[in-house]
Amino acid sequence: MSASNPVFAHVYKRLAASMERHGGEAHRRRLLAGLSGRVLEVGAAHGINLRYYPDTVTEVVAVEPERHLRADAERAAAAAPMPVDVRDGIAERLPLDDDAVDAAVVSLVLCSVVDPDAAARELARVLRPGGELRVYEHVRSRDPRRARLQERFDVVWPHVAAGCHSSRDTVATLRHAGFEVEELSRFRFPPGRVFVPTSPHVLGHARLVG
Ligand SMILES: C[S@@+](CC[C@H](N)C(=O)[O-])C[C@H]1O[C@@H](n2cnc3c(N)ncnc32)[C@H](O)[C@@H]1O
């Protein structure tokens, strides 16, 4: 299950730090505001979100398959204000029991998993009834011409960006797995006049229906 991609780990940490300085920090704070109880974060990387969890969160279970990032997440966990349980695992087969968490967080990860439908089903399985899913993802453009551009970009992009896809309709995937989207902002990040295939983002929350 454990993966090793030291080049990606190194590059991603730098990229994420730069994005944080240019607006990403505010998105991450918004993503996590108001959460409480035991929270799962899938694809937690080097623990970049840990500092933004509110103190109403009693435990974070941080699942990360890449071993260099996971080692960094363990270091970040030691400095976090709440207990953090860093686990090896993948979104498609989460190392948690059914109904194990009060909330789950996906943050720029459903673009990269091998099987987004399986990941969404797993999120539904481990969330307790009524539990909330927080979502911060870059997604398929709603403009058909731009979506076609993203599809062409994805012929190459996943091969150079550790499996990341720009054209995934992640909101549709979550709905298909039974999530009802309760609140959703759509925006371009980074903003700008030139369309970047990975720039259409969503930030919001969803809950299981039924
Ligand atoms: C683009 S990074 C995002 C990291 C972090 N969540 C953030 O908000 O910046 C994608 C992360 O997902 C992880 N990942 C890739 N495939 C995964 C999978 N199948 N299950 C769980 N995590 C995965 C990668 O190792 C990486 O840490």
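Each reported figure results from applying straightforward, stated rules to the coordinates on display, with no laboratory input. Remember, predicted model here, so these are calculated numbers, not experimental data. Here the Cβ positions follow ideal geometry from the backbone for every residue, glycine too, while neighbour counts run over all protein chains shown.
In this structure, GLU41 does not satisfy being within 8 Å of the ligand (Cβ to nearest atom) and in contact with a helix residue (DSSP H, G or I) (Cβ under 7 Å, 6 or more places away or on another chain).
Tell me whether segment 176-197 contains one or more residues that are closer than 29 Å to ALA33 by Cβ and part of a helix (DSSP H, G or I). So far as segment 176-197 goes, yes, one or more of its residues are closer than 29 Å to ALA33 by Cβ and part of a helix (DSSP H, G or I). Segment 1-107 holds strands (runs of 3 or more DSSP E) entirely within its bounds, and those carrying 2 or more residues that are within 25 Å of ARG128 (Cα to Cα), in contact with a Phe, Trp or Tyr (Cβ under 8 Å, 6 or more places away or on another chain) and not acidic (Asp, Glu) map to 101-107. For segment 6-38, the set of residues classified as free of Cβ contacts under 8 Å to residues at least 40 places away in the same chain and more than 13 Å from the ligand (Cβ to nearest atom) consists of ARG21, ALA26, ALA33, GLY34, listed by residue number.
Can you tell me which residue among ARG128, ARG145, ARG140, ARG134 is part of a helix (DSSP H, G or I) and either touching a residue at least 24 places away in the same chain (Cβ under 8 Å) or away from the ligand (no atom under 12 Å from the Cβ) (or both)? Just a single option satisfies the conditions, and that option is ARG145.
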